[in-house]
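Each reported figure results from applying straightforward, stated rules to the coordinates on display, with no laboratory input. The structure displayed is predicted, hence computed values, not measured ones. Positions of Cβ are generated from backbone atoms using ideal geometry, with glycine treated the same way; all protein chains shown enter the neighbour counts.
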Amino acid sequence: MGSISGVHPPLWRLVLVVAGGVITHTTFGATYSYGNFAPYIVSYMRYKKVEPDLQYNESVWIFAMVLLGQGTTGFIGGMLERLIGPRLTTLTGSWIMSGGVLLTYFSVSHSFASCLITYGLIFGFGVGLAYPIPMGCAMRWMPHRKGFVAGFVVAGYGGGAFIFNQVITGFINPRNLSPDIDLNGEQIVSLQAFGQTFIQDDQFHSLVGAFASLCNAGGRILWGAIADKTSFRIAQLAITTSLTCLFTTFILTEYAGKPLFFIWVCLIFLTFSGSFSTFPSYTMRCFGERYYAINYGLLFTSQAMTAIIGSLLSETLLPLIGWMGLFFVAAVISACAIVIAYKFKETPS
């Protein structure tokens, strides 16, 4: 998984590097299955009297802690790579992530606060530590297709939930029983949570999550290739403009039912996922191979800020402005990103 310069490596070496990155990121993709997992965690803790007063909207804090953990360790992974190499750095992060899942076996029977630490922070620390490393290795081996190969590797992250969502629902809820969720707003503030307010079919939502994961994976490859063919600026303009339109019209899916909800969720995931391949490739173009991991890790700290801010806003704004208001806020933020992308000046490679 090292770097190659001035030499055309054999194809099988390239395939192994990319395949290793995809497999690693597929395991990290368990992060995106949390939206499907959360109702069962809360139901279990309430049923077992571990946290009898726990509300479903509070479970969003576990995901927030995952993002906080990822955001605070990305640049540490870059520094660690320079000390012990990409293999050991990736392995260390993977062990920490798996350790967080293992410890949750005990913490879910203890308290919600302990789950915030095990399935939240520890899990996120591990993912963040190893996240940028496989992409950096793949881009070193294919320097002229950085966006495409970064998107291909990180597609594993987006597609991992396709596997884990089906496993979770099939194992925990094989009879498609409706989760014990208060549909008056006390649930995770997400696209799936909005859908549960008018579509009460757990297996349908699991199916939507699975296809959204495939779109999440495919979008990373697609937008990475588009950025290679055009430019980072053009790709980001297309992404942010599309997201603005999708968020503005997403509330209409409530009146059209399952088909339109399915299509819109998939389109949103196909679009927003593009930034996860365009930013890594452009970071390497700007800072070079040597400083890519550290600088992308610093860029990744934005996850930590959005985790806390997003959770606080979702809890406070939903009761005040409702779903339509939340989607309008998301559309406004995306519109601001259009302006930023338009003003962005390309840095020569």
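Compared with the dominant Cα axis of the chain, that is its longest principal axis, helix 258-272 is turned about 30°. Computed over the chain, the P(r) tail beyond 37 angstrom holds 16 percent of alpha carbon pairs. For the range 202-349, averaging the sequence separation of C-alpha pairs within contact (under 8 Å, six or more residues apart) and dividing by the residue count gives a relative contact order of 37 percent.
In square nanometres, what is the average projected area of the Cα convex hull of the range 1-145?
Values: hull surface 37.4 nm².
Mean orientational projected area (the range 1-145, Cα hull): 9.3 nm².
Counting other Cβ atoms within 10 Å as a rough exposure proxy, the listed residues 198, 261 run 198, 261 from fewest neighbours to most.
For the pair residue 109 and residue 19, label points projected 7 Å from Cα toward Cβ lie 4.0 nm apart. Equivalent ellipsoid of the range 245-349: semi-axes from √(5λ) of the C-alpha gyration tensor, largest first, are 31, 17, 13 Å.
Entry note, the chain: relative contact order of 25 percent, from Cα contacts under 8 Å with a spacing of 6+ residues. The trypsin sites (Lys or Arg not before Pro) found in the range 1-101 that occupy coil by DSSP, while having at most 14 further C-beta atoms within 10 Å, are 48, 49.
Listed by chain and number, the lysines whose alpha-carbon sits under 24 Å from that of residue 146, ignoring those within fewer than 8 places in the same chain, are 229, 343, 345. Across the range 1-99, C-alpha contacts under 8 Å between residues 6 or more apart give a mean separation that, scaled by the residue count, equals a relative contact order of 23 percent.
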